[in-house]
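What follows is a short report on a single structure.
Every number here is computed from the coordinates shown, using simple stated rules; none is lab data. The structure displayed is predicted, hence computed values, not measured ones. Virtual Cβ from ideal backbone geometry, glycine too; neighbours counted across all protein chains shown.
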Amino acid sequence: MPEAPPAHLRLTVDTGALTDNWRALDHLSGKAAAGAAVKANAYGVGAQSVVPALADAGCKSFFVAHWAEAAELLNYVPAAQISVLHGPLTTADANFARSTGVKPVINSLHQARLWQDTGGGICDLMIDTGINRLGLSPNEVSDRRIAELDVDILMSHLASGDEDNPFNHMQMDAFRSAAARVGYQRLSLANSAGIALGHEFTFDLTRPGLALYGGIPRQELDGIIKPVVGIDAAVLQTRMLSAGDTVGYNATFTAPHSMRVGVVSLGYADGYLRSWAGRGMLQYQSAALPVLGKVSMDMIVVDLTDAANCQEGDWLTVPYALPEAARKTGLSQYELLTILGQRFSR
Ligand SMILES: *Cc1c(COP(=O)(O)O)cnc(C)c1O
C-alpha cells in the first residue's frame, strides 16, 4: 500500500518561537531555572517536536501527567529530567518509575507509602497549598512517611496566578512554611502566570506550560511571548449560493443574496468547535472570510465574496492567536491548544 497523502489540514509548530518563549521565561525566572510542562502531548502541540527543541535550548526538567507520557519522553530526554505529576497509584506505576529512572511526584500519604514499600528512591513531592487538586495537605507534611522520602523537587501549584488575587501570596506563604518542615533539593511553585508575578514566586525552578506554546495568561507576558501554532486548511469545494439558500447543520445561515462560498476541511474533530460559529474568520491573502453557519462535523463553510480568485485546493489560514481566540470563543487558552486534533499533517 502506498503511503497516504498528507491531510488537507496543516498544523505548523514554530520551534524557534517555542524556544524563544522558553528562553524568555527562563530569563524572567531570575536565578531560578525554567523547566517545561509538556503533558497532554505538549498541550496538543506535539511532544515529538516540542521536547527535543526545548532540550536543545537547555531545558532540563520536564513535567507530564501520565506514565505513558513519560514513556514517550524517554525517547528524547534522560529519565532523571522527567517528573510524572499524577504520581504512582499502583505497584506497576512504581515499578515503571524505578526501572526507568523517571521520577514520580508523590501527592498523598498513600503514594508515599506505595513508593517506600516498593523500594523508595528519589522522587518529587507535591504540597497542596489551596488549589485542592493533587498534593499532600500541609498538616500531613510532618508525617514519618514523608520524612523518609528522598525528595528532589518540592512543589506546589497556584490556583489563580493569572489574577491579581491575595490567594497567590497566601499560597506562597503556605508553601514556604511547608518547605521549612521537609527535606528537599529544589523548590518550585510558579507556572507560566506565576513567573510573571515576580521573583518571590520563582524559587529554584519554574514550570511554565501555556506560555511556552504562545498562551498569554497575564498582561506582563504580552509582547514577550510569541505565537507558536499555525493552522492552515484547504478549500475542498467552492459553490454558488442563491438568495435564500442555507448553509450547514440546522440551516442557521441563509444567503441574503447570491454569493460564492468555500467548503473548508476543518471541523470539530480537529478542535474547531461550534463556539467559533458566527465569530470565526479565515484568511486568504489579505481577505478575511467569515465562517457561515455552524461547524458541520469535518467542515466549515466560508464566504468567498472578498476572495474572487480563491479556488478549490487553495489553502486558507486559520487565525489562532490564543488570547484573541479565547475572547472570541469563550474557551480557555488551555482548551484551545489541547483540543487540536490528530488529523493535522504536522
Ligand atoms: C500544567 C501544570 C503546570 C503548567 O501550568 P501553565 O499554567 O500551563 O503554565 C505547572 N505545574 C503543574 C503541577 C501543572 O499541572
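When +1 charges are put on Lys and Arg Cβ atoms and -1 charges on Asp and Glu Cβ atoms, the dipole computed for region 15-221 relative to its Cα centre reaches about 260 debye. Amide H contacts of G121: D150, each under 5 Å away and 5 or more positions distant or on a separate chain (H built 1.01 Å from N in the peptide plane; Pro and chain starts excluded). If you restrict to DSSP beta bridges whose two residues both lie in region 128-277, what percentage is antiparallel, to the nearest 5? Once the DSSP bridges in region 128-277 are tallied, antiparallel ones form about 65 percent. Converting phi to 3J(HN,Hα) with the Karplus coefficients 6.51, -1.76 and 1.60 and the offset θ = phi - 60°, region 166-171 yields x, 4, 4, 5, 4, 5 Hz in sequence order, with x at every glycine or proline. Fewest-first ordering of I300, I127 by other beta carbons within 10 Å of each residue's beta carbon gives I127, I300.
A simple rule links phi to the HN-Hα coupling: the Karplus curve 6.51 cos²θ - 1.76 cosθ + 1.60 with θ = phi - 60°, which for region 47-56 gives 4, 4, 9, 6, 5, x, 5, 5, 4, 4 Hz, with x for Gly and Pro. Look at the Cα gyration tensor of region 15-221: its axes a ≥ b ≥ c give a/c of at least 1.5 with a/b at or below b/c, and that counts as oblate.
With a ≥ b ≥ c taken as the square roots of the eigenvalues of the C-alpha gyration tensor of region 229-319, please select rounded if a/c is under 1.5 and otherwise prolate if a/b is larger than b/c or oblate if it is not? Judged from the Cα gyration tensor, region 229-319 comes out oblate (a/c at least 1.5, b/c at or above a/b). Once backbone amide H atoms are built at 1.01 Å from N, L282 has L289, V291 as its partners under 5 Å, excluding neighbours fewer than 5 places away on the same chain.
Sorting M170, M240 by the number of Cβ atoms found within 10 Å of their own Cβ, with the fewest placed first, yields M240, M170.
Of the beta bridges in the chain, as assigned by DSSP with both residues counted there, near 60 percent are antiparallel. Note on the chain: dipole from Cβ charges, positive end direction compared against P290, S275, A147; the farthest Cα belongs to A147.
In order along region 124-135, phi translates into HN-Hα couplings of 10, 9, 9, 9, 7, 10, x, 6, 6, 10, 8, x Hz, rounded to whole numbers, per the Karplus curve 6.51 cos²θ - 1.76 cosθ + 1.60 with θ = phi - 60° and x for Gly and Pro.
Among the trypsin sites (Lys or Arg not before Pro) found in region 253-302, those both in a DSSP coil and sparsely packed, with 15 or fewer other Cβ atoms within 10 Å of their Cβ, are R279. Fewest-first ordering of L221, L114 by other beta carbons within 10 Å of each residue's beta carbon gives L114, L221. Distances between placed amide hydrogens fall under 5 Å for V295 paired with A277, all partners being 5 or more residues away or on another chain. Each Lys and Arg Cβ is given +1 and each Asp and Glu Cβ -1; about its Cα centre, the chain then shows a dipole of about 200 debye. When shorter helices are ignored and each DSSP H run of at least 4 residues is given -39500 (n - 2.57), the per-residue value for the chain at 222 nm works out to -7500 deg cm²/dmol. Result for the chain in a Gaussian network model with C-alpha springs under 10 Å: among A251, A55, A94, the largest mean-square fluctuation is at A251.
Restriction of the trypsin sites (Lys or Arg not before Pro) in region 49-129 to DSSP coil positions whose beta-carbon has at most 11 other beta-carbons within 10 angstrom yields no sites.
For the chain, the longest principal axis of the Cα atoms and the long axis of helix 15-28 meet at an angle of about 40 degrees. Comparing A307, A65, A24 in a Gaussian network model of the chain (Cα springs below 10 Å), the most mobile by mean-square fluctuation is A307. Gaussian network model of the chain, Cα springs within a sub-10 Å range: biggest mean-square fluctuation belongs to which of N168, N75, N191? It is N75. From the square roots a ≥ b ≥ c of the eigenvalues of the alpha-carbon gyration tensor of region 1-100, which class results: rounded (a/c under 1.5), prolate (a/b over b/c), or oblate? The shape class here is oblate.
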